[in-house]
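The block underneath contains the structure these notes are about, expressed in structure tokens.
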Amino acid sequence: MTSCTPSGNKGKTAEAAPIDGDTAGPQPLPTSVGNKDSYSRVATSLPFIALTFDDGPHPQNTPRLLDILKQRNAKATFYVVATNAKRYPEIMRRIVAEGHEIGNHTVTHGNLAKMSEAGVRQELSAAHEAIVAATGVAPRTMRPPYGAITTAQKAWIRRDLGYPTIMWSVDPEDWKKPGVSAVTSRLVSGASPGGILLVHDIHSPTIDAMPGTIDQLLGRGFQFVTVTQLIAMDGKG
Ligand code: NI
């Protein structure tokens, strides 16, 4: 009854999914994305990658980043912290209006692996509600702060909340402020088809690194899609 992936239907993806309002229950759950509990990359040979920005939105850096993305028609995914989402709802709405995706990165940015199940539920559901309140759009994936999460947590989070856990395939450790050129070279050299790139839009040097990074990756033939668009390519091509 609560299974998100009926097994009788192999080979065909569900199409014409009903509008969220059709789902039963007091609270709208996100429509489940993909069929795995967790992704650090997606299996495809097609030259698509997902650029993900964590911990914002930030009042100056995120709008500057959005300008850079818009100039290049590059789509990204923002794993926002709900306290920032509440503080900057106009930036949240701009992110959505410009075709990007928002994911759940909790309320307090704590270590989920060390929290009780009730605590994790509270973090994710309160963040979910804050994102919906700001944008009208439900987040469909989550990323645990610090990547800290257990296998058991991934399983029940997907089963009960509909979120696959999104990790990453490339981490340039931009939060250690290694310099603009190091962030760019780490991202460019680490990128591969189906890859998920992790950076943080709260750090100004990371934004400084984005024009060069994106232009180099475009020059190598990569195209930027959101995380749920990338997951839709899993196992195809
Ligand atoms: Ni984070």
Item to complete: Would you please name the residue that is surrounded by the fewest Cβ atoms within 10 Å (Cβ to Cβ), looking only at residues in segment 39-60 that are among the polar types (S, T, N, Q) and closer than 23 Å to R186 by Cβ?
Response: S45
Discussion item. Please go through segment 127-155 and give me each residue that is more than 16 Å from the ligand (Cβ to nearest atom) and not in a loop (DSSP other than H, G, I, E, B), ordered by number.
Written reply: H128, E129, V132, A133, A134, T135, T151, A152, Q153, K154, A155
Discussion item. I'd like to know if segment 67-77 contains one or more residues that are closer than 19 Å to E129 by Cα and surrounded by 22 or more Cβ atoms within 10 Å (Cβ to Cβ).
Written reply: yes
Worksheet item: Failed condition for T213, given (1) of a type outside the set (A, V, I, L, M, F, W, C); (2) within 29 Å of V120 (Cα to Cα); (3) crowded, with 20+ Cβ neighbours inside 10 Å, with all others met?
Response: (2)
Worksheet, complete the sentence: In segment 133-155, anything out of contact with any Asp or Glu (no Cβ under 9 Å at 6 or more places or on another chain), surrounded by fewer than 16 Cβ atoms within 10 Å (Cβ to Cβ) and of a type in the set (V, I, T) is listed as T150
Worksheet, complete the sentence: Checked against (1) in contact (Cβ under 8 Å) with a residue 24 or more places away in the chain; (2) more than 24 Å from K36 (Cα to Cα); (3) surrounded by fewer than 21 Cβ atoms within 10 Å (Cβ to Cβ), A97 satisfies every condition except (1)
Practice prompt. Among what's in segment 180-205 and is assigned to a loop (DSSP other than H, G, I, E, B) and touching a strand residue (DSSP E or B) at 6+ places or on another chain (Cβ under 7 Å), pick the residue that is farthest from the ligand (Cβ to nearest atom).
Written response: P193
Fill in: Within segment 156-179, considering residues that are closer than 19 Å to L230 by Cα, within 16 Å of the ligand (Cβ to nearest atom) and not β-branched (V, I, T), the one surrounded by the fewest Cβ atoms within 10 Å (Cβ to Cβ)
D171
Worksheet item: Looking only at segment 216-237, which residues are surrounded by fewer than 22 Cβ atoms within 10 Å (Cβ to Cβ) and part of a helix (DSSP H, G or I)?
Response: Q216, L218, G219, T228, Q229
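Read the figures in this text as sums done on the coordinates, not as results from a lab. Model, not experiment: these values are computed from the prediction. Cβ coordinates were reconstructed from backbone atoms using ideal geometry, including for glycine residues, and neighbour counts include every protein chain displayed.
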